[in-house]
1. Given Cα positions, please report Rg to Rh for the stretch 76-117, the hydrodynamic radius being the Kirkwood one.
2. Report P(r) for the stretch 150-192: all Cα-Cα distances, bin width 5 Å, range 0 to the bin holding the largest distance, values in whole percent.
3. How would TYR182, TYR55 line up from fewest to most surrounding beta-carbon atoms within 10 angstrom?
4. Using a Förster distance of 30 Å, how high is the FRET efficiency between ASN121 and GLN101, based on the Cβ-Cβ distance and rounded to 0.05?
5. P(r) of the stretch 51-141 in 10 Å steps, Cα pairs, percent per bin?
6. Points 7 angstrom from Cα along the Cβ direction at ALA76 and ASP150: gap in nanometres?
7. Would you work out the charge dipole size for the stretch 154-208 about its Cα centre, treating the Cβ of every Lys and Arg as +1 and the Cβ of every Asp and Glu as -1, and quote it to the nearest 20 debye?
8. In whole Å, what is the distance between the alpha-carbon centres of the stretch 171-195 and the stretch 96-122?
Amino acid sequence: MAEFDNEEMNSLKRWWDSNGMALVIGVLVGVVVIVGWQGWGWYTDNQATEAADVYQQVEQGIAGGNVDESVLETVARLKQDYAGTPYAASAALRLAGYHVQQQEYAKAREQLDWAMNNAANEGVSHIARVRAARLVWTQGEPEQALEMLDAEHPPAFDALYAEVRGDIHAAQGDREAAYKAYQRALDTLPQDTPSRALETKLADNAPADVADAPSDQESASAS
């Protein structure tokens, strides 16, 4: 029994000499990963909380029409220190809307471009792109705006992209292209989303044979 125990201990010693350090390192790495993940979770939660507080300052300033240097610096701080939170891009979008109201279009485009390229949320990035395309169009660059709308995007944003595309084609007098775009927007519009304005745009750009055809309601009344 003693000989067996000694051999067992010798085998264990040989195994430890070969694998002990790797085992220690493995355990340490596991501990570091667990602690690091918990620490990262705390860090991101803390970042989001701080960013929310900072964003409130931006929201209050813009809502009150008091966009002074302090508000601009706060937006810059969000973009620099809290870019990984949703609040940075949201602040950029809010500030862009304010600049549009003030007819400061170059400043609005700067904020939209930042949100489009840096938003932590993909959805916000696409909203920024569509707004930027509309702004570019209203500044007399419809072809550039259409190129921006060619960007790949999730199906959930089809209606948003298509409607702006339709608006541009309609303004250019291309009723056929506008009708197709509006039809695409209407077909992909999420359920329970108001569609009356889009239906009106579609009807205003319908081909003659479609526009002259009686509606289902008119057909029922005639019969």
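Only the coordinates and a few stated rules stand behind these numbers; no lab work does. Since this is a predicted model, take the numbers as computed values, not measurements. Here the Cβ positions follow ideal geometry from the backbone for every residue, glycine too, while neighbour counts run over all protein chains shown.
1. On the way: Rg = 9.8 Å, Rh = 10.0 Å.
My calculation of the ratio gives 0.98.
2. Per 5 Å bin, starting at zero, the Cα-Cα P(r) for the stretch 150-192 comes out as 6, 29, 28, 22, 11, 4, 0 percent.
3. Numbers: TYR182 27, TYR55 21.
Least to most surrounded, the residues fall as TYR55, TYR182.
4. For ASN121 and GLN101, the calculated efficiency is 0.80.
5. 19, 53, 26, 2
6. That separation, rounded to one decimal, is 3.6 nm.
7. Numbers: 6 positive and 9 negative charges, 15 e Å.
With only Lys, Arg, Asp and Glu charged at Cβ, the dipole is about 80 debye.
8. Computed from Cα coordinates, the inter-centre distance equals 25 Å.
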